[in-house]
1. With a cut-off of at least 1 residues that are closer than 30 Å to residue 135 by Cα and small (Gly, Ala, Ser), name the helices (runs of 4 or more DSSP H) lying wholly within region 155-266.
2. Can you tell me which of 73, 41 is surrounded by 13 or more Cβ atoms within 10 Å (Cβ to Cβ), in contact with a Phe, Trp or Tyr (Cβ under 7 Å, 6 or more places away or on another chain) and at pLDDT below 90?
3. Checking residue 460 against (1) part of a helix (DSSP H, G or I); (2) modelled with pLDDT of 80 or more, which test does it fail?
4. Could you go through region 101-113 and let me know if any residue there is assigned to a helix (DSSP H, G or I), within 24 Å of residue 68 (Cβ to Cβ) and of a type in the set (Phe, Trp, Tyr).
5. List every residue pair whose Cβ atoms lie under 8 Å apart, where the two residues are 6 or more positions apart in sequence or sit on different chains, the first residue falls within region 349-362 and is modelled with pLDDT of 70 or more, and the second residue, located anywhere, is of a type in the set (Ser, Thr, Tyr).
6. Are any of the residues in region 102-112 in contact (Cβ under 8 Å) with a residue 60 or more places away in the chain and on the phi < 0 side of the Ramachandran plot?
7. Mind telling me which of the residues 344, 327 ends up being surrounded by fewer than 21 Cβ atoms within 10 Å (Cβ to Cβ) and modelled with pLDDT of 85 or more?
Amino acid sequence: MGGSAELQNLADPKTHIREYAVNSLLFIFTFWVVNQVAYLFTVTEGVSLFYPPSAYAMYLIFLLGGKYLPVHFLAIYLGGLPYRDVFNYDLEMLIPDLRQFVIYGTAGLILRKINSPEDILNAKFFYSVMVASFLTALISTAVFVTDIDLEAQSFSSLIEISSSFFVGNLTGAVTAIPLFLLFHKLWKIGWNEFTSSFLVNLFKPQKVAALLIIMILTALVFQLGKMDEEFSKFYYLILIPIVWSAVKWGLSNGLVFAFIGNLFALSLFILGGYSHYGIFEVQIMFTISIVTVILIGLVHDERDLFYQRAMYDDLTGLANMRLFREVCFTSIARAKRKGHECSVLFIDIDGFKSVNDTFGHRAGDEILQKLSQDIKGCVRDSDIFARFGGDEFVIFLDEISADKAAGVSEKIIEKLANTVRIGTGTVQLGVSIGISTYPRDGADIDTLIRRSDEARVMVISGVWKQAEGMAYPVG
């Protein structure tokens, strides 16, 4: 494997402490950043027209678990910097902080109870999140109203304040979804891979063009709304490219586009004097656009997920045998028409059973994922690589003769012939490979797979045949 593949020992206390510290710092910092955005939309003390921090923390508790509740409260405490005097903390500051902490912390734990943090990009998660967004905003508003001096407020002003508070929290909760998904991606793959994959994905020409269209339409809608002080009837122009992005690129991209477009719209209205242009309607449309993208994006992603599960292996992400056979059928037909050779490699990881027996199936799964990527690096992008089952793989080498296939086989053997470290233990893995060639060993893919497996057995028993100066196993 080009060196040892070391898997972290999940039971190592130092690893746990380091992981908790890193996640806590990331929790506090990102919460603080989101809180600074909320301050930009404050209309009166304690009321923001766009307040995503609380729901964002709810999603983080869902993802990270109850052990991060103290971090949640610390994030609330520090999130007010530099606008709050946190060094003179009093009961007046504590009450709204406790409201946030109890309501959204509890909601995060409930979300974690009914959803799996390991599998969040599904309909169940997003539907429960939308319900949680509404209920937490409603409960938080009810608690907020009890803290207001009702005698000093007229009925109409009370309705206006509570409505602004509710819609601000609801808008923030829904908008925190794309922020949370970005955090989840960062938490899962690390900063370097996140920045490279996210930026490369976001700055593809088609997506840049779509973002520009959204921002141009947003500026146009702002000007039209400014002319007659009615924004919502023009806002649907922005929805068109946002919804189109969800249809074309799926849920994650649609949410990013909706977030950028809506935040840009809100920023323009804040800079232009939102009080004259129906900001309440802006918030409602903001929420509608996010919910619309979620519903459409879920349909798109469920379709892609169905195809993914039908055609690819869940563990390794490699092609499954259904897709492998379909592609090979086409490739063999092309080889027959052009009169060239193709080869099939049947690969078995030797000694793998001891990994599962000694270290458990989770460690075995991680090693299989690593080995599959190592093997993939030994073949061309045009070759078809699939998981046959268990610790067995097959590769179809298009326009590759038997002697060249032997060279690929040797390259894979050399790549995988290393000791694998698992925590404080080690295991020695090897690999046996059999080769079959079209049309010599068979005219269809199932025959070629069977003959290459037979050849693999012959490799183990020491049966070889010479061909053009190269030693290779045959069926």
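1. Values: elements: 155-189, 191-202, 205-228, 232-249.
In region 155-266, 155-189, 232-249 are the helices (runs of 4 or more DSSP H) which contain 1 or more residues that are closer than 30 Å to residue 135 by Cα and small (Gly, Ala, Ser).
2. On the way: 73 fails: at pLDDT below 90.
Among 73, 41, only 41 is surrounded by 13 or more Cβ atoms within 10 Å (Cβ to Cβ), in contact with a Phe, Trp or Tyr (Cβ under 7 Å, 6 or more places away or on another chain) and at pLDDT below 90.
3. Of (1) part of a helix (DSSP H, G or I); (2) modelled with pLDDT of 80 or more, only one is false for residue 460: (2).
4. From region 101-113, those assigned to a helix (DSSP H, G or I) are 101-113; that's our starting set.
In the following step, the residues that additionally are within 24 Å of residue 68 (Cβ to Cβ) were identified as 101-113.
Filter again for of a type in the set (Phe, Trp, Tyr), leaving 101, 104.
Checked against the condition, which is being assigned to a helix (DSSP H, G or I), within 24 Å of residue 68 (Cβ to Cβ) and of a type in the set (Phe, Trp, Tyr), region 101-113 yields at least one hit.
5. 350/432
6. In the first step, residues of region 102-112 are kept if they are in contact (Cβ under 8 Å) with a residue 60 or more places away in the chain; the result is none.
No, because not a single residue in region 102-112 is in contact (Cβ under 8 Å) with a residue 60 or more places away in the chain and on the phi < 0 side of the Ramachandran plot.
7. Working: 344 fails: surrounded by fewer than 21 Cβ atoms within 10 Å (Cβ to Cβ).
Matching residue, one of 344, 327: 327.
The values are calculated or read from the model by the stated rules, or taken from the named source; none is laboratory data. Not measured: the values here are computed from a predicted model. We place every Cβ from the backbone using ideal geometry, glycine too, and count neighbours over all the protein chains shown.
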